[in-house]
Each structure stands twice: as structure tokens, then as C-alpha cells.
Amino acid sequence: MAVQEFLSPKSLSEAQAAFGEGAASSWLAGGTDLLVGIRLGARDPSRVVDLKQIPELTAIEIDDASVRIGAAASAFDVLHNSDVPSLLPGLAEALNLIGSTQITGRCSAGGNLCNASPAADSIPALIANGAQCRILGPEGERVLPVENFVVGPNQNALAPGELLVELILPKPVPGTSDAYLRLTPRTEMDIAVAGAGVSITLDSSGTCTAARVAIGAVAPTALLVEPAGEALVGSPLDQAAMDAAVAAVRAAAKPISDKRGPAQYRTHVVGILVSRAIANAQARIEEAR
Amino acid sequence: MNKPLNKMAVQATINGERTAFLCSPGQVLADVLRDELELIGTKIGCNTGDCGACSVLVDNRLVCACLVLAAEVEGKSVQTVEGIANGGELHPVQQKLLEHGGLQCGICTPGVVVAAKALLEHNPDPTEEQARYWLAGNLCRCTGYDKIIRAVLDAAKTMRGEAA
Amino acid sequence: MNAYQEFKTIGSRPVRPDGLDKVTGRARYGADLNMQGQLYGHVVRSPHAHAIIESIDCSKALAMEGVLAVMTGDDLVKPGDEMLGSGEGAMALKDFVPMVMSQGKVLFHSQAVAAIAATSPELAAEAARAVEVTYEVLPAVTDVHKALAADAPILHHDRFPDDYPEEPTNLATHISLTVGNPDAAFEGADVIVEQTYSVPMCHQGYIEPHACVARVDITGRTDLWCCTQGHFAVRHFTSAATGIDLGKIKVTPSEIGGGFGGKTTVYIEPLAVVLAQKAGRPVKMVMDRGDVFRATGAAPGAETRVKLGATRDGKLVAVDVDCLMDSGAYNGAPAAFPAYMATACYKFTDARSTGRSVYTNKPKIHAYRAPSIPQVTLGFELAITELAAELGIDPIEFRLMNAVEEGDANMMGAPYKRIGLRECLEVARNHEHYKSPLSEGVGRGVAMGYWINAGMQSSATLNVSSDGHVAVLTGSPDIGGSRASMALMAAEVLGIPFDHVHPEVAPTDSVGHTDVTGGSRTTLATGEAVIRAAENCVAELCRRAAAEWGVEAGVVAWSQGAAHYGEHSLTFHELASRAGNMGGPLTFSSSLNSTSAAPGFAVHICDAEVDKETGRTTIVRYTAIQDAGKAIHPDYVEGQMQGGAVQGIGWALNEEYLYNADGVLQNPGFLDYRIPVASDLPYIDTVIVEVPNPLHPFGVKGVGEVPIVPPMPAIAEAVCQSTGVRFRDLPLNPPKIMAELVDL
């Protein structure tokens, strides 16, 4: 079998019609996972529906309350948006780490999320930022938090024919920042052995008033570790709070041992990454003041 | 089992020239450039976006041609290594790679040329670290990257009009 | 020492003649040629690492429209014990033919079992899936120790190494050399270090996959285009595997996109030839990247036990080294080199050096840059460093106290001529890098390395045109800038400008036999052929000038690109333009079997910092120092030093073949087979030391291979100094380091 049809709809309604019943169709955003999957025999769609001609799917918009990123907007476009990298530096860090310059030129946060790799870089950063998925399907629209969108390794919550339209992130309130860190043996061109995304809010005294901590590559899906966030809230991010957050993520981590690293190492290092990411986010908040 | 030959007609500007080609719906741009348009400067080292030898610019965006469907470039502008020199005049990146000995076997060189040109248009004054990260997706097994990076930074200097 | 004391051209850094084609995309590599009417080949590969093929049914594939030929191992010759090739690429026919395509037994995962030729690559792939192969699956063994165990599955039931004449084992080779009485000498040592060190199996990692296109006419005349380090070797191997007369095969080498030893053999070329012969149309084959990792090359993993004894005052008095290497599915003879060369940097009187290699269900190992020596040197140099530390002597001082020099003998008993090891060590000791203070948390390691360097057979032909330009044809594929060196050497002898010389790599029918580009031999031996051919040219031009002037040829001198006698002179250009009237066209050849090779030595200094919380290592600073004899084109000497160092860095830190229990490679791609990327590295500083090779007209020593020898021990020592933990098993990836730093 091979791809028999390439369709390039110009609107959401055209896209839904083009996709059809869905079993043999694949959505195409940046293609950096789909085309590799086809090449290596893991994916075999007969119809490919390109999403990049649909304005809504590549738009990046910021209003008073939210940052909205079209599901097919390339990482490069997000990284070079005039506002997003300064508003959400951790999300930018994550997107910048998805492969080479060539890959970030094509890949999208939406595609990275839909591909649902346990090691996807953008997913912990999206979860930490409380991102929501706007989904359009034959039955209408629905909204899901990112942490509920991924249901298993390479499995997402989209029903046949459903389409991820955009990611909606709450616009960070003053005193808020985020950070993403991952561990890879190389500096680039690698898959996370472990990843950590955090978003924290500090009041003027430096006390943490809100925190979300998410980890990647240490469980079948990226995880929101609520106890880690709770350990930080109310603290000045002192050693005791950091230790508690690290202990919480290590307790939540359920990694496997594979070619990218043994389980014990992943559990250890995800704690290090979380504590460094918190420190980075804290430094960003302080720098902004 | 006679299968219909399922081809799409695509029009694009390739290295400044309006071009039309036929491709299969699943055919990647790298294959069309090499096999249909005889632009063999776009090299294939992995076919999975991991080596950067097939780097090209699509609407001035640096991508791996092995990870773009040929049908996607309809109406777009594609620049390959063959289109980097301006007539008889080499791009400074090409010239400096030659002067610094920034190539050995040369299989990664077309990709490096395209990626480095994109870097210097994006950032005319990159640090060594910025150049190294931008080019991290262009694998070279021969040079250890030393002379490539030196050549790219020297080309940047030339393009900024500074003496080398 | 030689006639060329002052150089005008060599040692300069002109732009390489093939450079323009390479920066503009015009250069043609293996996959860049299409022949009219060509078909596309696809290989059916075994899904098992160890199996007996019960049957192969190609009928369904052959019945598909557009499928024009199929083949199996039965279409190749039945091999015997005869040896093929030379140098790094040498192997027995019985180890070669089944490696190309199985002839009944599968010994590694992804071994070729059949091949298809069809009208498109997609159709060929589809037809390959329609080939029905039934296997009797056997247990696979991928670990050398398990392969030597009594209950191990035996790969070759017909092989009986000397030590085990009674029953077949998986021991492929066993070589042991002894000088003096090492066991007694250890008795006299004040300090003894004995440790075991290991290095994983890895791949050459060239970016260009193997590719070829073949055409065979009805008389058997064969045209083959391919990327290779040696097209004469391709011709020889292809003839041996297919039975087509050697003389009927013409091989034209494409540009080559990296090889590092891995393209000194063939994998797909005989298949393309057989398919082309069967189909009556040209056949193109391009290997998939995954298959390159799964079924080609691969350098052996090795475990080396090193025992060294020294006196309190720092004299190395006893050596015992035993290197156990992986051979893969067939005999790649990796064990001989460590046996011969493990001790090569050091003076000794009492030493034993042993090499063993073992069959495992993995691809047959093949040459990779200084084959086998980086592996054994990791152990030897780290043991030396440990010994120096035990004695409280600076590691460079300790090496200087024991380093070989002219007159010292190696394990084979051959005394060194003029070598440059001590000079390199002295440069290292006095280098600003070595003297610079270390930042907190950064460690420094030093190591040295040796590679024997080859001579072997080379040919060159010079054709002088009437305008005084010269074409230089050689049989050495240019893998790293050798055409520039050939042009420089010809220009030097002839006394003409570099850009009047046009070097070409000629096909097998256009230049004399030339062995592979490998063994660090090309600039030395092919260069020597170029020098001799150019000297023949000069001699003839002097004879012609003498005849013109009516004097004895012997009194005419050649300098500055002209013949001179008294007031008379005739320039190269004048002699070239008048050649037709002075004796005819000017064409000169030289073929030789070079005996002028001299060994290469290198010393590397590495600063590395380990993140103590994650175990990640960053190479902070790196300096490579090497004796090149005479650097013909210093840019490309430095390039070899830098490239070799970085391959060593990759091997030290993250490169590793990972097999599962069934013998299936888990990381057959550049994503998980982690060669270094640009952002992983600092600049690699270089110092070229020039201690001329007395045997070579220009003093050249081979430079390509030795730079990969010192990095692993230098980096391992730097990691040790950074962490305070002694690591002896590579690669030093983050999990491995972390496991020693905290209780995980």
C-alpha cells in the first residue's frame, strides 16, 4: 500500500469532508513524525490531508486571557512570534528542542501532541502551562486539557474524523514563568531520556502561589504531577519545598528501561530536571521584576 | 494487477525558475528533486530527517526535503544547493568552505551550504554556539565540524562587510 | 635524505580541485547516476539472526508485473578458502560471498537472502515482501563470552581453530606473541596494574549509504558505478562472487560520501551485477539507512585485559595484554592487529600480546579507521595512566620515559626508523593547553596512539597537454581531499602552478592497479606513484631539451619548471607545446608496491566536565598533536586529525550498537546511533609535527587513521579526573556515569 491521495483543504469544513470516515486517512501538519512513520512502515495511510492551508490551523493569536496556537503552526513560527517566546519561554524551550532547525521548521506543537510519544518535548511544557485542546469532530467541538488528551504511548483521545484545531494556553499572569528541560546524551538531535516542564507564579515576596509540574519520558504518557505543584505552593521555593517536589515527581515516575536509558536513571534524573526547571522559572520571574 | 499510475501535477518555483512536475501523492520532495528534476545536489543520507544532507529551503524555510511531500510545494518557492550561487559567483558560505577546507568527502556539504545560508539570513552575526546549534541537524562524519564552523563564521563576517 | 629539501608548492593550502563541484551540488556520488532503462534492486533480508534457510520461493514476486529478475545465494559462486583483497579489506572468499548473500545459513539479522529487480523502487520493495522464505530458527548469540561458552550455538561447524582441533568453536582467530619472559619480568616489577577495559561495537557512520548501478551486456562485459574506497577491490570482489572474468568488469568510482574503512568491501555490487545480467537491463541499488547499520561494516567491540609492571623510578618492565574481540558472523580477523600493535608506543623487553576474535550473530565486522587499535589502546593507555598515577609521575613524563624512538623494536621485532612520538609528547608537555589551569569540576586526560600505516600498490598516469596543463590520473578514490595532495605533489616536481594540474580518479580500465584508499596509504603510496611519474616526465623533458641543444641529457638540470643548461632554457610550457615535434605526446606512468610507509603517532589532550547530577559529559577543550612526516596540504591533515578525534569522542561517550536477545539491532538510525553533532563539540585544536619519513621522497607519513586511537583513553581519563571515579567500560553515557556517582 502507499499514499494514494494528497488533499489540501482550505477550510475546516473542507478538511472534515476531505478526511472522510477516517480509517485510511491521516492528517498532515509538519509531517516530521507521519512521513518517518510511513518510511519505516509504522504508518500506512492511503489518504493524507494537509492542514497547513487552513488559516485557523496555523494562526498564533494572543489576547488578554489566552495564547492560542493553531495545531499545525510550526515550532519555528511559534519561536519567532513576537510575543510567545517571552510570554512562555519554557514552551519555547520545548519546541526548540524538537529536533534540528530543519525539524522545527516543520513540526508543530499540535502534531507533537497528537503523535503522543511518551518522550515528546512539547507535552510537559503544554501541561505545565495548563493548555487546553480545542477539538473539532463530526459531532461538533469539545475541549480537553492536554494531560487528558494523551491516553497511551502514541495514542491520543481523538475519535475517527476528529481534528485538533488549536491549543489554548492561559496567558501567564504577572509573576508567572515557565521552563522546560530535558536530558539527552547529545545536545541536539536526540529523544528525551527524561523531560520536565514547570510553570510557577510567585507573589511579590517570592512566595509561590501557583505551580504546575509535568514530566515526560518517564511513564507511558507525560504526567501532570499535582503533588509536586502542591509541594511548592505556599513556600518560598526553599530547599524543603524543592526536595518535596522532587520526591513527588520521582514517586510519580514509572519509567521503563530501554535503549534510551535505564528506569532508575530516568527516575533519578527527572527529579534533577524538575528542580533545575523550577530554579530557571524562578530566575525568569525575578529577572522580569 | 494493473494499477493506475496515480500522479499529481505540481507547479512551483525551483531555484528561481517556474517549474512543473508530476509526482505520486506520497512521494517526498527529495525524490522529486533528485529523480524528476535531476537536482542531485540534494543528498539522501537517512530519509528520516536525522542527517540534514537533503536540506533545502521551501519559501525560505530550512527543511529536510525527505520530510516534505512533493505535493506540498505547490505554489511555493524551493531553493536547493544548485540555486545558492549567484550565477558564476559563489555564495560566501560556499567560498569560505572551500578556503577553510571545510569539507572532506563532501556528502554533507550541500546540506551545510543551504543550512548555513539560512542561518546567516536569519542571524547575520551568530556566535560560535549559535552556529553550532543551528547546524546540529547537519551531520558530518569527516570533519569534526571545526572547519565548517570556522568557515560559516568567516562567511558571516564577509557578508557583514568586515575584513576576514 | 632526499632530493627535495626546499618545497615551493607542497605545504601550501590551495582550494581543492574537486571543491567547486562539491559546494555547488554538481559532484556525483553513488546514488547520483542513472543508466538508461535501469531497474531498481531491492534486497530481501532475514528477520532472524541465526537460522537455516529451508526454502525460498520467489515465484509470486517474479509473477508481478514489472518484476524482471530475482536472485538468491545460489546465483553466486560457491566459495572456497582463497583470500581476496588486501590490507584492511582482505578476507577469505568463504567469509565474503555468504556475507553478501546467504547460501543456506543465516548468521546475522538482516543478512541478504534474495534480491529483486523491478521497474520502480516501490515495486521492487513490494515484490521483496512477496518472496516467501521459510527458516529453521536457531538460538542467536551476540555476546563474545556467551559465544565461547560450552553450550553456545556454533555459527560455523566447519571451522577448527588451532587451539581446538577436535571440535568446532566460535573462536575465529587466536594470535599470541611473546618477547622475552614477561612472567618473570613481573616478578621484578615494583608496581603492577592489572585491569580489564571494554569498548562497544560501533559503526563507521558514513553519511552516504552504499549505492551502485550495474550494466552487463550479453557477452558479460560489465559496467559498474559505485561509491567505494577502492574500485579495483570492487572489481576483484565482484568477479569472485559472480564468476564474471575480472577483465570484463569495468568499475567507475563515484565520489564517495565517507567510508572510514567501511567501503573497502562490497555488499550490493555483486547483487546488482547478477540482477542486471539476469534482467538484461541496468540495475540500480541504494541501501536503506537502517540496513547500513544492520548489515554492513561495524567495528568490533572488545574487552582488553592489561597487566603492566614498572619499577619505582618509572621504567616499564613487563607487559601482558589480551584483547578479546567480536568478529561478527564471519572472520574479519580483527584480533591480529591488537596482538601486533597494542604495545607499539612503548619500549619493552618482556611482553606478551594476545588477540582473539569470536564469531557472534552480528554483521561481519569490518575495517574502521585504525582497525582494532582504538579498542586495545583504550585499555593499554588507561593502564599506563593508572600506572603513572600509582608511581606519582606526570602522565606525559611517564610516557616520555618509556616512549619508543628510532631503533626500538615492536612486537614483530622490526626496529623503528625515524619516528616522531617523542616530538609529539614534547609538544604536548609544552602546549599551552596542557599547562593551563583547570576550572573547578573539569578533568584532563592525555593519551597517545599508534597506527602502523600501509604502503601497498598504487599507480598514476600523467598526461601533459600542449598548453602545459597536466592531467593526473590515479586509482585512489578521494575520500578526504587526496586529489589536492596529488596535484600539489605533481606541481612540486614539475615546477608548474598548482592550478595547471588536474587530478582525476580514473576507472579500472584507465589507470594501473591501485589498492584501496585505506591504511592511511593514499598520500604516501599513490603520492609516491605521482611523484615518480612526474619525475619520469622531468627526465624525458630533460632528454628532449638535451637533444635540442645537442648536449648529453645528464647535464641538463630541471628547476623552476624549466630545463636548463648554461645559457639555454626551455620551459615546461614550451616543451609541452612542441611535444609533437620533439618526440611525441607526453604521457608518463608509474606503478609501485610501496615499501616506504612509516608509522603514525599522535598525542591528544582532552578537558571534560561531567555534570555530577545527570552524568552528562561535555568536552570542554581538545588538542590533537600528530606527526605527519610532511603535511602536503595542511588543511586536510588537520581535517583528518579533527575528524578522527571527533569519531573517537563519539565512540567514547555515546556510540554503541544495542542488540536485543534475538540479535536484532535496536538503534539502526542516526537518531539513536548517536554520532556527535556540531553543538556537542568545541573546536579541535591541532598541532602538526613534522618528522620527515626517511623512506619517502617528500617525507610523508600516513595521517588518516591514528587520530582515532588516543581519544577514548584521553576522554576516559578526563572523566575520571572530573568525577573522581575510574571508568573502564565505554561508552561513558550519562546513565553509566551516574550509576557510579550516586546510588540509583
Legend entry - About the Cα centre, charge dipole magnitude for chain C (Lys/Arg +1, Asp/Glu -1 at Cβ), debye: 1280 debye
Legend entry - Inter-chain Cβ neighbour average for residues B:19-27, partner chain, 10 Å: 4
Legend entry - Between the stretch C:632-669 and the stretch A:36-111, the Cα center-to-center distance that results, in Å: 33 Å
Legend entry - Inter-centroid distance (Cα atoms) of the stretch B:122-164 relative to the stretch C:246-287, Å: 36 Å
Inset, instruction - At a Cα cut-off below 30 Å, give the lysines reachable from C:K417, other chains included and same-chain residues fewer than 8 away excluded. - result: C:K8, C:K307, C:K315, C:K347, C:K630, C:K701
Inset, instruction - Could you let me know the centre-to-centre spacing of the stretch A:180-245 and the stretch C:462-514, using Cα atoms, in angstrom? - result: 62 Å
Legend entry - Relative packing of peptides C:550-559, C:40-49 - highest average C-beta neighbours within 10 Å first: C:40-49, C:550-559
Legend entry - Cβ-defined net charge surrounding A:G31, 10 Å radius [Lys, Arg +1; Asp, Glu -1]: -1
Inset, instruction - For the stretch B:1-106, take the alpha-carbon Rg, divide it by the Kirkwood Rh, and send me Rg/Rh. - result: 1.02
Legend entry - Per-residue average of Cβ from other chains inside 10 Å of A:186-196: 6
Legend entry - Pairs of lysines in the stretch B:27-164 (C-alpha under 20 Å apart; 8 or more residues apart or interchain): 8
Legend entry - Ordering of C:417-424, A:133-140, A:65-72, A:93-100 by packing [mean C-beta count within 10 Å, highest first]: A:93-100, A:65-72, C:417-424, A:133-140
Legend entry - Cysteines in chain C that, by Cβ-Cβ distance, have no pairing candidate under 4.7 Å: C:C58, C:C202, C:C227, C:C323, C:C345, C:C424, C:C537, C:C542, C:C606, C:C720
Legend entry - Qualifying lysines (Cα of each under 25 Å from Cα of C:K60; at least 8 residues distant if same chain): B:K3, C:K105, C:K278, C:K284
Inset, instruction - State to the nearest 20 debye the size of the charge dipole of the protein assembly as shown about its Cα centre, where the only charges are +1 on K and R beta carbons and -1 on D and E beta carbons. - result: 1180 debye
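Which order do C:S12, C:S590 fall in if you start with the one that has the fewest other Cβ atoms within 10 Å?
Lowest to highest Cβ neighbour count: C:S12, C:S590.
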Legend entry - Kirkwood Rh and Cα Rg combined as Rg over Rh, evaluated for the stretch A:176-288: 0.99
Inset, instruction - List, largest first, the extents of the alpha carbons of chain C along their principal axes, each in whole Å. - result: 86, 76, 50
Inset, instruction - Using +1 at the Cβ of each Lys and Arg and -1 at the Cβ of each Asp and Glu in the stretch A:176-288, identify which of A:G197, A:T176, A:A222 lies farthest towards the dipole's positive end. - result: A:A222
Inset, instruction - Calculate the dipole size of the stretch A:86-203 relative to its Cα centre from +1 charges on Lys and Arg beta carbons and -1 charges on Asp and Glu beta carbons; express the result in debye to the nearest 20. - result: 140 debye
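In whole Å, what three semi-axes, largest first, describe the equivalent ellipsoid of chain A built from its Cα gyration tensor (square root of 5 times each eigenvalue)?
Calculated on Cα positions only, the semi-axes equal 32, 21, 16 Å.
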Inset, instruction - Would you please calculate the Kirkwood hydrodynamic radius of the protein assembly as shown over all C-alpha pairs and express it in Å, rounded to one decimal? - result: 31.7 Å
Inset, instruction - Using only the alpha-carbon atoms of the stretch C:267-316, report the extent along each of the three principal axes, biggest first, to the nearest angstrom. - result: 73, 20, 13
Legend entry - Three-way shape label, the stretch A:1-111, alpha-carbon gyration tensor, a/c 1.5: oblate
Legend entry - Dipole of the stretch C:11-153, positive direction: furthest Cα of C:Q38, C:A125, C:S102, with charges on the beta-carbon: C:Q38
Legend entry - Residue mean of other protein chain beta carbons inside 10 Å, C:632-643: 4
Legend entry - Between helix A:263-288 and chain A: long-axis angle, C-alpha atoms, 0 to 90°, nearest 10: 80 degrees
Inset, instruction - Starting from the Cα gyration tensor of the stretch B:92-159, take the square roots of the eigenvalues, sort them a ≥ b ≥ c, and report rounded, prolate or oblate (rounded when a/c is under 1.5, otherwise prolate if a/b is larger than b/c, else oblate). - result: prolate
Legend entry - Most positive-pole-ward Cα, C:M71, C:A652, C:I53, against dipole of chain C from beta carbon charges: C:M71
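Every number here is computed from the coordinates shown, using simple stated rules; none is lab data. It should be emphasised that the depicted structure is a prediction, and the values quoted were computed from it without experimental measurement. Virtual Cβ from ideal backbone geometry, glycine too; neighbours counted across all protein chains shown.
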